[in-house]
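Peer 1: Below is the structure I would like to discuss, written out as structure tokens.
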Amino acid sequence: MFGSEQWLTPDRVPSEWDFYPQINAPDRTSTVLVNLWFNSQCPLDGAGVHACLELAIVPPGPHGIGTPEAAAQLVAVEGKLRSAAAEAGVFFVARQRGRGRWKLHFYLAAAAVAAFEQAVGARVAGLAAADQPLRVSPDPDWSIYREQLYPSPERWQWIVNRRAMDSLKGTGHIGQHATIVHVFGLSRQEDELGLAKVALAADLTPCAVPPLAEPDHPFAAAYQETTLLELETVHRAVTHCTTLASLAGVVYEGWRLAEGAALAPALA
């Protein structure tokens with residue numbers, strides 16, 4: 001793990017940034033931008049303090065995420081704070097945006113707190129958005145990152161589905177009704193009887209199993225449905241099929257278009 005390497009500095013951290021909407025936000029407009037790389041490496045040695053800088057989004061706009069002008073201003077401020085963090089040996093891990101607040105999350109050494117507080121203060125001085133001081137608390141296990149910032153399995157699946165939908169842009173399928181093939185992995189061929197029972201009850205139609213590059217199970221079954229090809233619709237369908245797989249004692253492998261797009265894998 002990189003966490004045990006003394007040479008790891010913020011400027012050498014791989015960039016694996018992605019975002020997802022927070023499903024538990026009342027208006028579902030709050031989002032998290034997070035560097036996913038840290039999950040496989042944390043906790044990092046010598047970075048057991050969590051710091052959060054919360055800025056006001058002024059004006060918050062109708063959805064609480066700011067007008068384009070307000071967002072552009074805070075992106076510029078964030079850029080300066082990222083640079084300050086890197087110079088101070090502080091790791092920037094995530095940003096939460098929504099409900100009128102812009103929250104930046106960092107991890108650093110206890111010995112670096114005072115200097116970082118000073119650097120942050122110098123870069124937000126005079127900003128109306130800077131209505132709260134930097135909040136600092138010990139977090140040697142990186143529990144805030146793991147439990148509040150890194151996506152849950154369901155939110156991770158949303159990211160996978162969004163990436164798959166992004167790959168279909170320009171194909172003419174987005175926003176149209178399309179046939180989606182759901183693939184299930186089976187440990188035993190006789191497990192297909194239980195799967196068929198719940199799948200047919202859910203109005204899924206059996207179909208040929210598409211070619212799989214590296215099958216994870218010795219047997220597979222596929223069912224298809226026609227649905228509107230939009231991200232939230234597809235995500236609901238995937239969530240439903242994951243539940244069906246659990247009921248049947250099999251594993252949901254993922255989905256693809258019947259026309260032959262690559263399989264979008266499931267996380268389970």
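Peer 1: Using Cα positions and a limit of under 19 Å, work out the aspartates and glutamates in reach of Lys197, with same-chain residues fewer than 8 apart set aside.
Peer 2: Glu225, Glu253
Peer 1: Hey, another quick one. In debye, nearest 20, what is the charge dipole magnitude of region 34-160 about its Cα centre with +1 on Lys and Arg Cβ and -1 on Asp and Glu Cβ, if you could check?
Peer 2: About 280 debye.
Peer 1: Okay, moving on. Tell me which label goes with the value of P(r) over Cα pairs in 5 Å bins from 0, in percent computed from the coordinates here: (1) 1, 6, 14, 17, 19, 16, 12, 8, 5, 1, 0; (2) 1, 5, 12, 15, 15, 16, 14, 11, 6, 3, 1, 0, 0; (3) 1, 5, 11, 13, 13, 12, 11, 10, 9, 7, 5, 2, 1, 0.
Peer 2: Computing P(r) over Cα pairs in 5 Å bins from 0, in percent and matching it to (1) 1, 6, 14, 17, 19, 16, 12, 8, 5, 1, 0; (2) 1, 5, 12, 15, 15, 16, 14, 11, 6, 3, 1, 0, 0; (3) 1, 5, 11, 13, 13, 12, 11, 10, 9, 7, 5, 2, 1, 0 gives (3).
Peer 1: Taking Lys103 as the anchor, which lysines have their alpha carbon closer than 22 Å to its alpha carbon, excluding any fewer than eight residues away along the same chain?
Peer 2: The reachable lysines, counting only those whose Cα sits under 22 Å from Lys103, are Lys80.
Peer 1: Using +1 on the beta carbon of Lys and Arg, -1 on that of Asp and Glu, and nothing else charged, what's the dipole of the chain about the Cα centre, debye to 20?
Peer 2: It comes to approximately 640 debye.
Peer 1: May I ask you to compute the full-extension gain from Thr67 to Ile23, defined as 0.36 nm times their residue separation minus their alpha-carbon distance, rounded to one decimal in nm?
Peer 2: 13.7 nm
Peer 1: Would you kindly derive the ³J(HN,Hα) couplings of region 143-158 from the backbone phi angles with the Karplus curve 6.51 cos²θ - 1.76 cosθ + 1.60 (θ = phi - 60°), listing them in order in whole Hz, with x for Gly and Pro?
Peer 2: Per-residue couplings from phi come out as 5, 5, 5, 5, 9, 10, 10, 5, x, 5, x, 5, 5, 4, 4, 4 Hz.
Peer 1: Local charge sum around Val32 (other residues, Cβ-Cβ under 10 Å, Lys/Arg +1, Asp/Glu -1)?
Peer 2: Every neighbour counted, the sum reads +3.
Peer 1: I'd like to know which of His217, Ala202, Leu33 lies farthest towards the positive end of the charge dipole of the chain, counting +1 on Cβ of Lys and Arg and -1 on Cβ of Asp and Glu.
Peer 2: The residue sitting farthest along the positive end of the dipole is Leu33.
Peer 1: Could you give me the ³J(HN,Hα) list for region 216-226, computed from phi with Karplus coefficients 6.51, -1.76, 1.60 and θ = phi - 60°, whole Hz, x at Gly and Pro?
Peer 2: 8, 9, x, 10, 8, 9, 9, 9, 10, 8, 9
Peer 1: What is the set of long-range amide H partners of Ala264 at a cut-off below 5 Å, with H atoms built 1.01 Å from backbone N?
Peer 2: Those qualifying (amide H under 5 Å, at least 5 residues apart or on another chain) are Trp255, Arg256.
Peer 1: Over the chain, what relative contact order in percent results from Cα pairs under 8 Å that are six or more residues apart?
Peer 2: Over the chain, the number comes to 18 percent.
Peer 1: On a full-extension model of 0.36 nm per residue, what is the gain between Cys52 and Asn39, subtracting their alpha-carbon distance, rounded to one decimal in nm?
Peer 2: 2.9 nm
Peer 1: Also, I was wondering about something else. Just name one of Leu229, Ala245, Gln118: the one whose Cα is farthest towards the positive end of the charge dipole of the chain (beta-carbon charges, Lys/Arg +1, Asp/Glu -1).
Peer 2: Of the options given, the answer is Gln118.
Read the figures in this text as sums done on the coordinates, not as results from a lab. Given the structure is predicted, the values throughout are model-derived calculations rather than measurements. Reconstructed Cβ throughout: ideal geometry from the backbone, glycine too, with neighbour counts over all protein chains shown.
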